[in-house]
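Asks: My questions will all concern the structure given below.
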Amino acid sequence: MDDPVQRHPTRAEQLDILATLVADAVPDGGAVLDLGCGVGYVAHLILKKREAISIVGVDRNADALRKAEENLASYSGEFSGITGDLENIAQCAIPAQPYQAIYTALTFHDLPDTAKQQVIGYAAANLTSGGFFLLYDRIRLTDTALFPLQQTIWSRIERVHGAAMRTADSYEGYIEDLGTDNRPASLADYLTWFPAAGLTPQVLHLHGNVALIGGAKGLV
């Protein structure tokens, strides 16, 4: 199965890290929740590494869910798709069961901050004791003085990988380019929201301004 996005030059490495973390941590027969599953690409990466797990995928696009079920039909692990909008996660008919892992990939920047916090809270409430939440998404840049350093990082990524992650002539241009629908949260936001929901946060991988953040639910 080919990556349906293929825009970020470091995406393949970061998604492989995410998939490896889930596959290594979730035992056979364990339950995993994919929030914003799309056509099932990340679930595919996980099931390639560990088939004998159950993945529930949530997405608001019914056509994408049907495609995900087609794409994942050859794996022995069960995949079930649930139509639901993460902006109203409490209204999603997600099966009530303890999940060993919950993850989301490049979905949070589409959500308003209140919905981000609600989804993080939902994840914390529905993880098993010792389970974890993995969030892979863009991070909002917030410091004008450091922006030239970020431009240098973007230039290096393009030079090394042969493709650009993002570019902007100025910090003001970066903010303008985000527009109103592209709403990444800052790293400081996530490091506040995770503990507020009962998750211990850790930045697991950061390249450019795209981060993989883990949140662990404490043992009880």
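The values are calculated or read from the model by the stated rules, or taken from the named source; none is laboratory data. Keep in mind it's a predicted model, so treat the numbers as computed, not measured. Heads up, the Cβs are rebuilt from the backbone with ideal geometry, glycines too, and the neighbour counts pull from every protein chain shown.
Asks: Among the listed residues Asn71, Asn61, which satisfies the condition of being of a type in the set (S, T, N, Q) and under 16 Å from Asp85 (Cα atoms)?
Replies: That would be Asn61, the only listed residue that is of a type in the set (S, T, N, Q) and under 16 Å from Asp85 (Cα atoms).
Asks: Go through (1) modelled with pLDDT of 95 or more; (2) surrounded by fewer than 20 Cβ atoms within 10 Å (Cβ to Cβ) for Gly29 and report which single condition fails.
Replies: The number of the failed condition is (1).
Asks: Does segment 22-32 contain any residue that is in contact (Cβ under 8 Å) with a residue 40 or more places away in the chain, under 18 Å from the mean Cα position of the chain (by Cα) and at positive phi?
Replies: Checked segment 22-32: no residue is in contact (Cβ under 8 Å) with a residue 40 or more places away in the chain, under 18 Å from the mean Cα position of the chain (by Cα) and at positive phi.
Asks: Out of Ser74, Ser54, I need the residue that is farther than 18 Å from Val119 by Cα, crowded, with 18+ Cβ neighbours inside 10 Å and not charged (D, E, K, R). Which one?
Replies: Ser54
Asks: If you don't mind, there's one more thing I want to ask. Search segment 89-118 for residues being at pLDDT 95 or above, polar (S, T, N, Q) and out of contact with any strand residue (DSSP E or B) (no Cβ under 9 Å at 6 or more places or on another chain), and hand back the single one that is farthest from Val56 (Cα to Cα).
Replies: Of everything passing the filter in segment 89-118, Thr114 is farthest from Val56 (Cα to Cα).
Asks: Follow-up question, since we're still on this one. Please determine whether any residue of segment 148-166 is assigned to a strand (DSSP E or B) and either at pLDDT 95 or above or surrounded by fewer than 17 Cβ atoms within 10 Å (Cβ to Cβ) (or both).
Replies: No; the residues of segment 148-166 include none that is assigned to a strand (DSSP E or B) and either at pLDDT 95 or above or surrounded by fewer than 17 Cβ atoms within 10 Å (Cβ to Cβ) (or both).
Asks: Regarding Ala197, is this residue out of contact with any Gly (no Cβ under 6 Å at 6 or more places or on another chain) and not assigned by TED's automatic domain parsing to the domain that holds Val160?
Replies: no
Asks: With the requirement that a residue be closer than 24 Å to Ala163 by Cα and in a helix (DSSP H, G or I), what does segment 174-220 give you?
Replies: Correct list: Tyr174, Ile175, Glu176, Asp177, Leu178.
Asks: Taking Leu127 and the conditions (1) touching a residue at least 24 places away in the same chain (Cβ under 8 Å); (2) outside the structural domain of Asn209 (by TED's automatic domain parsing); (3) not charged (D, E, K, R), which numbered condition does it fall short on, given that it satisfies the others?
Replies: Single failed check for Leu127: (2).
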